Amino acid sequence: MKIRLSGVTKKFGPQTVLNAVDFEAEFDHTLALIGPSGGGKSTLLRLLAGLDAPDAGEILVDGDPLPRNEERLRVHRSHTGIVFQAYNLFPHLSALGNVMLPLTEVHGLKASTARDRAMDVLNRFHLVEHAAKQPAQLSGGQRQRVAIARALAVDPAFLLLDEPTSALDPEMTSEVLDVIVELRESGKPIILVTHEMGFARRSADRVAFIAEGGVLECAAAAEFFESPRQPAVRQFLERILKY
Amino acid sequence: MAKVLSGLLLLFAYSALCWLAFSQSLKNWDQVWGYRVTFLNGWATTIGISAAALVLSTIVGSLTALARRSSFLPLRYTAVAYVETVRGLPLVVLVLFGFYGIANAVGWNDRISVGIVILSLFSGAYIAEIIRAGIESVGRSQWDSARAIGLTNAQTYRFVIFPQVMRQILPPVAGQFSSLIKDSSLLYIIGIPELTFAANQINSATYSTFESFVPLGVCYLILTLPVSLWTKYLETKVRYET
């Protein structure tokens, strides 16, 4: 998978979150976006998802520019698997209902086909026994796995995960990271924002460091963590790996 | 069991108290009984008007709530002006102005239908606010999530927002319906022969104030108490974590 940003700027009111970013990355499986809070990681992910549009510049995914008009952006989103930090499941639907909704309403599958496909994915993540439960009855880790199942069930071109483990305790974190590792092995390209440095180092092909409204450094994971070139990256890693 | 017992005991005590105080005023039933048909007709009119206004005000309220969220500014401002005007005026003023002012000016003389429309416009403004608050109580993240899976705007409302809004707003809307039933009594000032009008008429004809107005109160309670009990039941039932 290949993404390319040229001159991408995104502002929220008076605040410029991404400032004329030029960035290119090619990777087989996983690209990890790391960096300090407020640096623009999640904003970049939302732009790639087509949830927000940049104020200036162009984004290419596998050579195709992201559309500008809302209807085509919607189609782009429907073929992209997006997972949020706070799970964002629909609280009035069961786990199965959550996974089925995009299949029946967006992708036009018949209810029975959608149910089979949803159950397959839930089964893969060991969630079959929880299929009928509502999100409030599930643990954080289970909710996030359902959210990943929902994103994956539509067979997306790639997956975008925005800090998928930040709201979870360590045990649930590993439960969700296991799922992401499995995804990686199944060959779906993944771009994820994460604070789990150990995980980024072991499972990502490439790591991009985003701070101060731009991409400061992007390198293969091992190289990035062993010999960061930018002083800001070195400082960040020293601080974050201190304890 | 203890609850039921103490409830019955209290009811008995209060009834006895009222009886001691007012029994002198409660002996003219025979004469009032002669007007039972007038009274029941009034009650039927009240129920009919309330039911019609309930349906109409729900429609008005839903459309207004959507209009208030519209990105088309003239529509949004019209909805805001409507809601704020109606909520800022007493219902009596709306009834008088609506009937003697507007309805008379356009030559619309059917009191009952005018009454239903005025009541619906009044109640619709409150229902619009309840629905709007309900829609806004559904978090930003739900919209994000709906957009993320590729739902259109209309689908988002249908599959994600409304089901959650319904559960949120049922208790306050039920409460509003109970208000609507009570507020229909104000239509007596434009001469609609509803329940309050009938009771007042019977009082004038028989000089039996208590015998006319006690049944009046009881008949309103028969309509509103189930609604408020239902509201309480809904309040306990619909809460879920998000």
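More than 17 angstrom separation, counting every C-alpha pair in the stretch B:17-79; what % is that?
Counting every Cα pair in the stretch B:17-79, those more than 17 Å apart make up 68 percent.
If each DSSP helix of 4+ residues adds -39,500 (n - 2.57) and the sum is divided by the residues in the protein assembly as shown, what number results at 222 nm, nearest 500 deg cm²/dmol?
That calculation yields -18500 deg cm²/dmol at 222 nm.
Shielding of A:91-98 by partners, i.e. mean partner chain Cβ atoms within 10 Å per residue?
Neighbouring Cβ atoms belonging to other protein chains average 3 per residue here.
Per residue and in Å³, how big is the convex hull formed by the alpha-carbon atoms of the stretch B:166-242?
About 78 Å³ per residue, rounded to a whole number.
Tell me the chymotrypsin sites (Phe, Trp or Tyr not before Pro) within the stretch B:34-106 that lie in a loop according to DSSP and have at most 16 other beta-carbon atoms within 10 Å. Don't skip to the end; give the middle numbers.
Numbers: sites: B:Tyr35, B:Phe39, B:Trp43, B:Phe72, B:Tyr77, B:Tyr82, B:Phe97, B:Phe99, B:Tyr100; in loops: B:Tyr35, B:Phe72.
Sites meeting the loop and neighbour criteria: B:Phe72.
Once whole DSSP H runs in chain B are found, which of them have Cα atoms spread over 15 Å or more along the helix axis and a mean Kyte-Doolittle score of at least -0.5?
Working: long enough: B:2-22 (29 Å, 1.81); B:36-68 (46 Å, 1.16); B:73-88 (22 Å, 0.33); B:111-137 (39 Å, 1.26); B:162-183 (29 Å, 0.23); B:195-206 (16 Å, 0.32); B:209-238 (43 Å, 0.86).
Result, helices passing both filters: B:2-22, B:36-68, B:73-88, B:111-137, B:162-183, B:195-206, B:209-238.
Tell me, what is the Rg over Rh of the stretch B:46-238, with Rh the Kirkwood radius over Cα pairs?
1.06
Taking every pair of distinct Cα atoms and averaging 1/r, then inverting, what Kirkwood hydrodynamic radius in Å comes out for the stretch A:50-158?
On the way: mean 1/r = 0.0678 Å⁻¹.
Kirkwood hydrodynamic radius for the stretch A:50-158: 14.7 Å.
Sequence gap at least 6, Cα distance under 8 Å: using those rules, report the relative contact order of the stretch A:25-125 to the nearest whole percent.
Relative contact order for the stretch A:25-125 comes out at 15 percent.
Given +1 on the Cβ of Lys and Arg, -1 on the Cβ of Asp and Glu, and no further charges, what dipole in debye does the stretch B:46-238 carry about its Cα centre, rounded to the nearest 20?
Roughly 680 debye, rounded to the nearest 20.
So if I place +1 on the C-beta of Lys and Arg and -1 on the C-beta of Asp and Glu, and nothing else carries charge, what would the dipole magnitude of the protein assembly as shown be about its Cα centre? I want it in debye, nearest 20.
On the way: 44 positive and 42 negative charges, 197 e Å.
Roughly 940 debye, rounded to the nearest 20.
Of B:Leu73, A:Gly141, A:Gly81, which is farthest on the positive side of the dipole of the protein assembly as shown, counting Cα position, with +1 on Lys and Arg Cβ, -1 on Asp and Glu Cβ, and the Cα centre as origin?
B:Leu73
Please report, largest first and rounded to whole Å, the three semi-axes of the ellipsoid equivalent to the stretch A:13-57, where each semi-axis is the square root of five times an eigenvalue of the C-alpha gyration tensor. Could the numbers behind the result be given before it?
Numbers: eigenvalues 75, 34, 22 Å².
The answer is 19, 13, 11 Å, longest axis first.
I'd like the distance between the alpha-carbon centres of the stretch B:121-155 and the stretch B:158-221, rounded to an integer number of Å.
Computed from Cα coordinates, the inter-centre distance equals 29 Å.
Just name one of A:Ala219, A:Val176, B:Thr58: the one whose Cα is farthest towards the positive end of the charge dipole of the protein assembly as shown (beta-carbon charges, Lys/Arg +1, Asp/Glu -1).
Comparing the listed Cα positions along the dipole, B:Thr58 ranks first.
Let me check I've understood the local charge: for A:Leu177, count other residues with C-beta under 14 angstrom from its C-beta, Lys and Arg +1, Asp and Glu -1. What total comes out? The partial results should precede the final answer.
Numbers: positive: A:Arg145, A:Arg184, A:Arg201, A:Arg202; negative: A:Glu163, A:Asp169, A:Glu171, A:Glu175, A:Asp178, A:Glu182, A:Glu185, A:Glu196.
After counting each charged neighbour, the total is -4.
If I model a spin label at B:Trp33 and B:Ile112 as a point 7 Å from the Cα along the Cα→Cβ vector, what separation in nanometres do I get?
2.9
Give the Kirkwood hydrodynamic radius (Å, one decimal) of the stretch B:1-129, defined as one over the mean of 1/r across all pairs of different Cα atoms.
One decimal place: 18.5 Å for the Kirkwood radius.
Compare B:Ile192, B:Ile181, B:Ile59 in a GNM of chain B, Cα atoms joined below 10 Å, and give the one with the largest fluctuation.
Most flexible of the set in this elastic network: B:Ile59.
Taking only the alpha-carbon positions of chain A and ignoring solvent, what does the Debye formula give for the base-10 log of I(q)/I(0) at q = 0.13, 0.14, 0.15 Å⁻¹?
For chain A at q = 0.13, 0.14, 0.15 Å⁻¹, log10 I(q)/I(0) is -0.80, -0.93, -1.06.
Suppose we take every Cα in the protein assembly as shown and form the convex hull; what volume per residue is that in Å³?
Roughly 222 Å³ of hull volume per residue.
Could you work out, residue by residue across B:156-169, how many beta carbons of other chains sit within 10 Å of that residue's beta carbon, and then give the average as an integer?
Values: counts 1, 0, 1, 8, 5, 0, 1, 4, 4, 0, 1, 2, 0, 0.
Average neighbour count from other chains, rounded to a whole number: 2.
Give the separation of the Cα centroids, the stretch A:117-153 to the stretch A:58-111, in Å.
16
May I ask for the net charge around A:Ala114, where only other residues with Cβ less than 13 Å from the Cβ of A:Ala114 are counted and Lys, Arg are +1 while Asp, Glu are -1? Don't skip to the end; give the middle numbers.
On the way: positive: A:Lys110, A:Arg115, A:Arg117, A:Arg150; negative: A:Glu105, A:Asp116, A:Asp120, A:Asp155.
Net of charged neighbours comes to 0.
Under a 10 Å cutoff between Cα atoms, tell me which one of B:Thr196, B:Thr85, B:Thr152 has the largest fluctuation in the Gaussian network model of chain B.
B:Thr152
Residue by residue, what Karplus-based ³J(HN,Hα) values in Hz, rounded to whole numbers, does the stretch A:94-105 have, using 6.51, -1.76 and 1.60 with θ = phi - 60° and x for Gly and Pro?
The phi angles translate into 5, 3, 4, x, 4, 6, 6, 3, x, 5, 7, 8 Hz.
Rank A:Leu93, A:Leu109, A:Ala167 by how far each Cα sits towards the positive end of the charge dipole of chain A (+1 on Lys, Arg Cβ; -1 on Asp, Glu Cβ) and give me just the farthest.
Checked the options; the winner is A:Leu93.
Just want the ordering: A:Ser6, B:Ser145, from fewest to most Cβ atoms lying within 10 Å of their own Cβ.
A:Ser6, B:Ser145
Build a GNM of chain A with springs between Cα atoms under 10 Å: which of A:Pro36, A:Pro164, A:Pro91 gets the top mean-square fluctuation?
A:Pro91
Thinking of the stretch A:115-243 as a set of Cα atoms, what percent of all their pairs are more than 17 Å apart? Mind showing how you got there, number by number?
Numbers: 5126 of 8256 pairs.
Tail of P(r) above 17 Å: 62 percent of Cα pairs.
All of the numbers you see were taken from the coordinates with simple rules; none came from a lab. Because the structure is a prediction, the values reported are computed rather than measured. Note: ideal-geometry Cβ built from the backbone for every residue, glycine included; neighbour counts use all protein chains shown.
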